[in-house]
1. Run down B:G162, B:G133 and say which single residue is outside any helix (DSSP H, G or I) and more than 13 Å from the chain's Cα centre (by Cα).
2. So, of the residues in region B:101-155 that are open to solvent by 50 Å² or more (accessible area, probe 1.4 Å) and among the basic types (K, R), which turns out to be farthest from B:G84 (Cα to Cα)?
3. Residue check: is B:G10 of a type outside the set (D, E, K, R), touching a Ser or Thr at 6+ places or on another chain (Cβ under 9 Å) and at pLDDT 95 or above?
4. Looking at B:V166, B:V241, which one is within 14 Å of another protein chain (Cβ to nearest Cβ) and under 20 Å from B:S144 (Cα atoms)?
5. Residues that are charged (D, E, K, R): find the helices (runs of 4 or more DSSP H) completely inside chain A holding 3 or more of those.
6. Being out of contact with any Phe, Trp or Tyr (no Cβ under 8 Å at 6 or more places or on another chain), surrounded by 15 or more Cβ atoms within 10 Å (Cβ to Cβ) and among the small types (G, A, S), is that true of even one residue in region A:34-45?
7. Taking the conditions exactly as written (within 22 Å of B:A122 (Cα to Cα), away from chain B (no Cβ under 14 Å) and of a type in the set (A, V, I, L, M)), does A:A58 satisfy them or not?
8. Take region B:73-100 and flag every residue that is over 20 Å from the mean Cα position of the chain (by Cα), surrounded by 14 or more Cβ atoms within 10 Å (Cβ to Cβ) and modelled with pLDDT under 95.
Amino acid sequence: METLIENLKANVDALEDVELTAQTDFVHLPQWDSLALLSTMAMIASEYGVNIESQAIAGCKNLVDLETLINSKR
Amino acid sequence: MQKDLFSLEGKTVFITGGSSGIGEASAHECANAGARVIISGRNRERLDDVLASLKGEGHSALVADITCDADIERIIKELPALDGFAHCAGMTMNALLKFSNWQDIEAVLDTNLLCTIKLSQALIKQRKINKGGSMVYISSVLASVAFPGLSAYCASKAGMQGFVRVLAVEMAARQVRANTISPGSVQTPMTQAASEGRSEESIKADLAKYPLGYGVPQDIACAVRYFLADASRWVTGTDFVIDGGMLHYR
């Protein structure tokens, strides 16, 4: 989880200054927008080598869900 | 007292092509406005001359060829966090398309467009541009005007504008602005070299297209200062034409 949070903060500008935890409902943060979604998809492809569709990310309730989603595709 | 929105006091700005022409004038303008200026260029001697003549203290110079990947990598490591980036490095080549060789076309596109993208990408990947910072790129009115003999140059500057529009949107989350300036014909060593070999008649005909005559580097440097200053806080993704009235003159 720590690595995922580091990757998000380093690559998704909108999340750079947001305090993120495993339970953060990131898709409902005020900073979350279409560019943050695109950046997250690109970061996952680049850092984890998997492609995840935007709807799947939109369905995540928190970062635990996102990590589970990434791991399920690897 | 009201803050001077055109001041660059406390800002660190990086200017490519800083050893001559628009880059040199921009370095002076930014230093005069209070910025700490870092200039880059290929020629150490010319950079040192400019550096020695800049007002204020704390300025520095980086010898670098932006068409060289290793140089980009090195300057990114050496640069501090920046509040402003003015990309003034560029080149031109004057030859009708059917007489142009491919190496020359590639060199123009590489220097003016691909390296612009490469350097910008490196700057933003390493988060070298502070929040609230500004990136300004010297394009050209020739991005939207057809000038025989400059097809690669026109294409490179039009490409730069497209690139910067997208950059502006992508960088907005960090409150970083990105804009282009499109000068008309400005008397610089680069444009003077490009007009060598042209007939006096053709030069006169070109000058006649400029109601206010040709520009000087300082005309553009003032706009660079504006875009790097807080005065342009709400300006991004735009192109500022500075051409002595040429574009709309018929």
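1. Working: B:G162 fails: outside any helix (DSSP H, G or I).
The unique qualifying residue is B:G133.
2. Residue satisfying both the conditions and the ranking: B:K118.
3. Spelling it out, it is not the case that B:G10 is of a type outside the set (D, E, K, R), touching a Ser or Thr at 6+ places or on another chain (Cβ under 9 Å) and at pLDDT 95 or above.
4. Details: B:V241 fails: within 14 Å of another protein chain (Cβ to nearest Cβ).
Among B:V166, B:V241, only B:V166 is within 14 Å of another protein chain (Cβ to nearest Cβ) and under 20 Å from B:S144 (Cα atoms).
5. So the answer is A:2-11, A:63-73.
6. Yes, the conditions are met somewhere in region A:34-45.
7. Answer is no for this residue.
8. Residues satisfying the conditions are B:A95, B:S100.
The values are calculated or read from the model by the stated rules, or taken from the named source; none is laboratory data. No experiment lies behind these values; they were computed from the predicted model shown. Don't worry about glycine lacking a Cβ; one is built from the backbone with ideal geometry, like all the others, and counts go over all protein chains shown. Calculation scope for accessible area: heavy atoms of the full protein, side chains included, ligands and nucleic acids excluded. Shrake-Rupley method; radii C 1.70, N 1.55, O 1.52, S 1.80 Å.
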